[in-house]
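Engineer: Below: one structure in structure tokens.
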Amino acid sequence: MKFIELANLRQSVRRYTDKLVEPEKIDNCIEAARIAPSASNAQPWKYIVIDNPEIKNKIADVTFDKLMSFNKFVPQAPVIIVLIAERPNFKSQIGGWLKNKEFNLIDIGISAEHFCLQAAEEGLGTCMLGWYNERKVKQILEIPKNKRPVLLISLGYAEKEYKQRTKIRKSKENIVCYNKYSFK
């Protein structure tokens, strides 16, 4: 498959079957995430794979509430991945401080997308989640106080009826200009 085909295939999946995800497919996704580039090779991430149904359900339950119910699909996913922001190496920290950029979060985003693209290649669906009760996630997973779960990813097989959606994206003219800022 060409990369552009894979990029078009990858979408946020919000309906999963109850089919278990094979450990080797999870390992392939982790490997793709592991080899992602990072500022000064800091690799400021740790991955927690949650495939134990009891723990997974506890985490899924803290991704939505009565007011914010848009993540109610998460309990369907057989696996949840939790990305932990790790302290970047000294060189990346200094660079981030000098440039006022959170390179570690950029790096985590790149690693997470590597994970999701590999999942699509494996025939799996994913959805990156930014809405969840961070305090409860830390408590459930016994994450140390000085560590932060910055992203969750639901993982599983999409329902057969879950069709590939046409991506609605801005036109190239609305996102790119050459040699100077020239948007209207």
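The values are calculated or read from the model by the stated rules, or taken from the named source; none is laboratory data. As the structure is a prediction and not an experimental result, all values here were calculated from the model. Cβ: placed from backbone, ideal geometry, glycine included. Neighbour counts: every protein chain shown.
Engineer: From the residues in region 8-31 that are among the hydrophobic types (A, V, I, L, M, F, W, C), in a helix (DSSP H, G or I) and modelled with pLDDT of 95 or more, which one is farthest from TYR157 (Cα to Cα)?
Structural biologist: ILE30
Engineer: Being touching a residue at least 12 places away in the same chain (Cβ under 8 Å), farther than 27 Å from LEU9 by Cα and not hydroxyl-bearing (Ser, Thr, Tyr) narrows it down to one residue among ALA36, ALA85; which is it? It would help to see each step written out before you state the result.
Structural biologist: Numbers: ALA36 fails: farther than 27 Å from LEU9 by Cα.
Of the residues listed, the single one that is touching a residue at least 12 places away in the same chain (Cβ under 8 Å), farther than 27 Å from LEU9 by Cα and not hydroxyl-bearing (Ser, Thr, Tyr) is ALA85.
Engineer: Looking only at region 28-40, decide whether some residue is under 19 Å from CYS127 (Cβ atoms), crowded, with 18+ Cβ neighbours inside 10 Å, of a type outside the set (S, T, N, Q) and touching a strand residue (DSSP E or B) at 6+ places or on another chain (Cβ under 6 Å).
Structural biologist: Within region 28-40 (the criterion being under 19 Å from CYS127 (Cβ atoms), crowded, with 18+ Cβ neighbours inside 10 Å, of a type outside the set (S, T, N, Q) and touching a strand residue (DSSP E or B) at 6+ places or on another chain (Cβ under 6 Å)), the answer is no, since none of the residues qualifies.
Engineer: Is it fair to say PHE103 is more than 27 Å from ILE55 (Cα to Cα) and either modelled with pLDDT under 90 or under 16 Å from the mean Cα position of the chain (by Cα) (or both)?
Structural biologist: yes
Engineer: Still on this model: In region 140-163, which residue that is more than 28 Å from PHE103 (Cβ to Cβ), of a type outside the set (A, V, I, L, M, F, W, C) and surrounded by 10 or more Cβ atoms within 10 Å (Cβ to Cβ) is modelled with the lowest pLDDT?
Structural biologist: Checking each candidate, the answer is TYR162.
Engineer: Of the numbered conditions (1) within 28 Å of ILE168 (Cα to Cα); (2) surrounded by 17 or more Cβ atoms within 10 Å (Cβ to Cβ); (3) modelled with pLDDT of 95 or more, LYS56 fails exactly one; give the number of that condition.
Structural biologist: Every condition holds for LYS56 apart from (1).
Engineer: If I ask for residues that are part of a helix (DSSP H, G or I), within 27 Å of GLY95 (Cβ to Cβ) and at pLDDT 95 or above, which ones from region 32-53 would you list?
Structural biologist: Once the filter is applied, which keeps residues that are part of a helix (DSSP H, G or I), within 27 Å of GLY95 (Cβ to Cβ) and at pLDDT 95 or above, region 32-53 yields ALA32, ALA33, ARG34.
Engineer: Go through region 86-184 and tell me which helices (runs of 4 or more DSSP H), entirely inside it, have 2 or more residues that are charged (D, E, K, R) and over 18 Å from LEU6 (Cα atoms).
Structural biologist: In region 86-184, the matching helices (runs of 4 or more DSSP H) lie at 90-99, 134-141, 172-175.
Engineer: So which residues in region 164-175 are loosely packed, with under 10 Cβ neighbours inside 10 Å and modelled with pLDDT of 90 or more?
Structural biologist: ILE168, ARG169, LYS170, SER171, LYS172, GLU173, ILE175
Engineer: Kindly indicate which of ILE59, ILE80 is part of a helix (DSSP H, G or I), among the hydrophobic types (A, V, I, L, M, F, W, C) and out of contact with any His (no Cβ under 8 Å at 6 or more places or on another chain).
Structural biologist: Selected residue: ILE59, the only one of ILE59, ILE80 that is part of a helix (DSSP H, G or I), among the hydrophobic types (A, V, I, L, M, F, W, C) and out of contact with any His (no Cβ under 8 Å at 6 or more places or on another chain).
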